[in-house]
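Report on one structure; see the data block that follows.
All of the numbers you see were taken from the coordinates with simple rules; none came from a lab. Please read these numbers as outputs of a predicted model, since none were measured by experiment. Here Cβ is always computed from backbone atoms with ideal geometry, including for glycine, and neighbour counts include all displayed protein chains.
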Amino acid sequence: MKERKALLVALRTGAARSEGGLANQIIKRAFGRELRDPDLSGRARRMSAVYAVMAALLLLILLQVFLLMVATESYLGTRRIVLLPAAAASGACALAALWMVGYLDARKARS
């Protein structure tokens, strides 16, 4: 219990970042490796970028579904003036999604 409190305090204060930090020593004792594993940090960095792109893609897809719903409802309600702006916004969302997928492919090719 005492070590757990010390670990939480060390993580909050940033002491885990130093090589000889208390949190680093506790993690090394518990798991057999240091907190600053370079392979793990690089992989974690790459995965955080992938997760951010996936979250943005999810939001873009939800926005496109909403735009489709609005365009369909306005078309059925004989308000055809909404169709062109909704189609343009949906096209912009599709281009942004394609750019993000291309960004992930470029990151994959570099690593």
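Which peptide among 75-82, 57-64 comes first, and what is the full order, when sorted by highest mean count of other Cβ atoms within 10 Å?
57-64, 75-82
Can you pull a Stokes-Einstein diffusion coefficient for segment 56-111 at 20 °C (1.002 mPa s), Rh from Kirkwood over Cα pairs, as a whole number of µm²/s?
173 µm²/s
Between residue 81 and residue 45, what is the FRET efficiency for a Förster distance of 41 Å, r being their Cβ-Cβ separation, to the nearest 0.05?
0.30
Quick check: pseudo-label points 7 Å beyond the Cα along Cα→Cβ at residue 68 and residue 96, how many nm apart are they?
1.8 nm
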